[in-house]
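Colleague: Shown below is the structure under consideration.
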Amino acid sequence: MTVIVGLVHHKRVHLAGDSAGIAGYQLTIRRDPKVFTNGPYVFGFTTSFRMGQLLHHAFNAPHPEGNLDKFMATKFIDAVRTCLKDGGFARKDSEQEAAGTFLVGARGRLFVIAGDYQVAEPADRYAAVGCGEEFALGALHATAQLGLGPRERLDAALHAADHHSAGVAAPYTYAKEPR
């Protein structure tokens, strides 16, 4: 289900996502966006609309401070974990906590948050998550040196994923990191 794409352009994170809600062979085009801003962050989620709703509407986003790597791996993730637990989304299996996958932009940097709360920052300064990830990454790589703007590159990635993945569908939504 889904594709979320993101890139850094002129020290600002830009995200885009599709509108597919998939359950087995059923496709629902959702009105609620998979990409949005919350406080100083821009988010794009996959895995569960419930997780996205909590990150969008219930998450009290702490303001980034100090060393951003350390902050994201500790205070930011601790706040995400609390929000998802309080909202009934986080799962625990064999004493290991798990959630979902999402992209987040902060202070001009793009991070991938994995289901085990791992924080990754791609060296390429672009990323994609969801079932259309591989197609979108190919398009982001292919457009990296073409001098395109962020919206054009995100569009190319979304269209590639939409064309090749049964779990991706328009319309697309866009968000960028607040200034």
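The values are calculated or read from the model by the stated rules, or taken from the named source; none is laboratory data. Since this is a predicted model, take the numbers as computed values, not measurements. Neighbour counts run over all protein chains shown; Cβ positions are idealised from the backbone, glycine included.
Colleague: Scanning the range 2-43 for residues that are in contact (Cβ under 8 Å) with a residue 60 or more places away in the chain and farther than 27 Å from F71 by Cα, which turns out surrounded by the most Cβ atoms within 10 Å (Cβ to Cβ)?
Modeller: D18
Colleague: Are there any pairs with C-beta distances below 9 angstrom linking a residue in the range 96-123 that is small (G, A, S) to a residue that is at pLDDT below 95 and in a strand (DSSP E or B), with the two at least 6 apart or on different chains, and if so which?
Modeller: The qualifying pairs are A98/R91; A98/K92; A99/R91; G115/A98.
Colleague: When the range 48-59 is examined, which residues are found to be in contact (Cβ under 8 Å) with a residue 40 or more places away in the chain and surrounded by 18 or more Cβ atoms within 10 Å (Cβ to Cβ)?
Modeller: Here is the first cut: in the range 48-59, the residues in contact (Cβ under 8 Å) with a residue 40 or more places away in the chain are 48, 51-52, 55.
Result: M51, G52, L55.
Colleague: Here's something else I'd like to know. Condition test on A160, is it modelled with pLDDT of 95 or more, under 19 Å from T46 (Cβ atoms), surrounded by 14 or more Cβ atoms within 10 Å (Cβ to Cβ) and in contact with a helix residue (DSSP H, G or I) (Cβ under 7 Å, 6 or more places away or on another chain)?
Modeller: Taking the combined requirement at face value, the residue satisfies it.
Colleague: I've got another one for you. Looking only at residues in the range 78-118 that are more than 17 Å from T46 (Cα to Cα) and among the hydrophobic types (A, V, I, L, M, F, W, C), which one is surrounded by the most Cβ atoms within 10 Å (Cβ to Cβ)?
Modeller: Of everything passing the filter in the range 78-118, A106 is surrounded by the most Cβ atoms within 10 Å (Cβ to Cβ).
Colleague: Go through the range 132-148 residue by residue and tally those that are in contact with a strand residue (DSSP E or B) (Cβ under 7 Å, 6 or more places away or on another chain) and either charged (D, E, K, R) or part of a loop (DSSP other than H, G, I, E, B) (or both). Outline the logic, then answer.
Modeller: Keep residues of the range 132-148 that are in contact with a strand residue (DSSP E or B) (Cβ under 7 Å, 6 or more places away or on another chain), which gives 132-133, 136-137, 140.
From the residues that got through so far, the ones that are either charged (D, E, K, R) or part of a loop (DSSP other than H, G, I, E, B) (or both) too are 132-133.
Result for the range 132-148: 2.
Colleague: With A123, A169 as the choices, which residue is part of a loop (DSSP other than H, G, I, E, B) and under 21 Å from A23 (Cα atoms)?
Modeller: Working: A123 fails: under 21 Å from A23 (Cα atoms).
That would be A169, the only listed residue that is part of a loop (DSSP other than H, G, I, E, B) and under 21 Å from A23 (Cα atoms).
Colleague: Of these, Q118, Q96, Q145, which one is of a type in the set (S, T, N, Q) and within 17 Å of the chain's Cα centre (by Cα)?
Modeller: Values: Q96 fails: within 17 Å of the chain's Cα centre (by Cα); Q145 fails: within 17 Å of the chain's Cα centre (by Cα).
Sole residue among the options that is of a type in the set (S, T, N, Q) and within 17 Å of the chain's Cα centre (by Cα): Q118.
Colleague: Moving on. So, in the range 6-50, of the ones that are out of contact with any Lys or Arg (no Cβ under 8 Å at 6 or more places or on another chain) and aromatic (F, W, Y), which residue ends up farthest from V129 (Cα to Cα)?
Modeller: Y25
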